[in-house]
Amino acid sequence: MKRILFIAILGLLACPTNASAQQSAKKYVKQGIERFSKGDIAGAIVEYNRALTIDPKLSDAYLNRGKAKRAAGDLDGAITDYEIVCELDPQLAMNNHDITEAYLNRGYIRSNRLDLDGALTDFDRAIALNPNDAEAYFKRGRAFLIEGNAKYAIADFDKSISLDDRNPLVYAERGFAHQTQGQAGEAQKDFERGLKLNNDLRLMLDLHLLDLQIQIKEMRRRQAAIQRNIAGLTLDSPTGAGSQRHAPAA
């Protein structure tokens, strides 16, 4: 009986301590937010680190630290924190603009570097977190187009336009995708719609499409080089034969 009473007393003593620790952790988060609002990003991160030292499962601390890391230019570090938020508190992560934007930003960087697998993974993640983000479908559609999958690209552009029909760049890229599929009539309609939304300023759309074409050309060059390497390895193998060589991608 005395032993049970002793354990109960210890439990009562421990509860206020845990409550006090949680309050301290939340206090550091609040101080971090205040520092961040004043432009002291490094100081904000220090406060969030202190909060997490006390409570390693405090999702608000990870969320705000991710925001601060992103502001400091550490996009990968920010996404690492955001992924922890997704695990600890999925509801907090859903439709969170900061988290979605982080994935979109990294996906766009990866897409420009022609790391299309990485880009598509980030865009998929952004769409899973916010299925109504028109920009996410637009950027994923662009990645599909660069990859050479015009069918998937058009489907994503359609979805993006259904969510926001005021972006001239989506029409320009969908028009280009239709053009690659031999759908001249649909392409012309999209180009005209894009020009109208862009106040008939053709230069911006032309430059945008030129950049897209340069990326597609470079992607095809890389794909062709991979195919040549594969063909070379096949020919060098003991069972290799000339008939196994594949033509380079167009």
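Structure data summary
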{"read-out": "Only listed residue being surrounded by 19 or more Cβ atoms within 10 Å (Cβ to Cβ) and under 29 Å from residue 76 (Cα atoms), chosen from 142, 220", "value": "142"}
{"read-out": "Qualifying positions in region 109-120 - surrounded by 15 or more Cβ atoms within 10 Å (Cβ to Cβ) and either in contact with a helix residue (DSSP H, G or I) (Cβ under 6 Å, 6 or more places away or on another chain) or among the polar types (S, T, N, Q) (or both)", "value": "110, 111, 114, 116, 118, 119, 120"}
{"read-out": "Hits in region 121-135 - residues which are in a helix (DSSP H, G or I), acidic (Asp, Glu) and crowded, with 20+ Cβ neighbours inside 10 Å", "value": "122"}
{"read-out": "One residue from 188, 179, 227 being surrounded by 15 or more Cβ atoms within 10 Å (Cβ to Cβ), in contact (Cβ under 8 Å) with a residue 12 or more places away in the chain, in a helix (DSSP H, G or I) and of a type in the set (S, T, N, Q)", "value": "227"}
{"read-out": "Residue match in region 204-211 (condition: of a type in the set (D, E, K, R), open to solvent by 90 Å² or more (accessible area, probe 1.4 Å) and out of contact with any strand residue (DSSP E or B) (no Cβ under 7 Å at 6 or more places or on another chain))", "value": "no"}
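Residue-wise test of (1) acidic (Asp, Glu); (2) in contact with a Lys or Arg (Cβ under 8 Å, 6 or more places away or on another chain).
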| site | (1), (2) |
| --- | --- |
| 108 | no, yes |
| 118 | no, yes |
| 129 | no, no |
| 158 | yes, yes |
| 167 | no, no |
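The values are calculated or read from the model by the stated rules, or taken from the named source; none is laboratory data. Everything quoted here is computed from the prediction, not taken from an experiment. Positions of Cβ are generated from backbone atoms using ideal geometry, with glycine treated the same way; all protein chains shown enter the neighbour counts. Ligands, DNA and RNA are stripped out before the accessible areas are found, and what is left, the full protein with its side chains, is counted by its heavy atoms. Shrake-Rupley method; radii C 1.70, N 1.55, O 1.52, S 1.80 Å.
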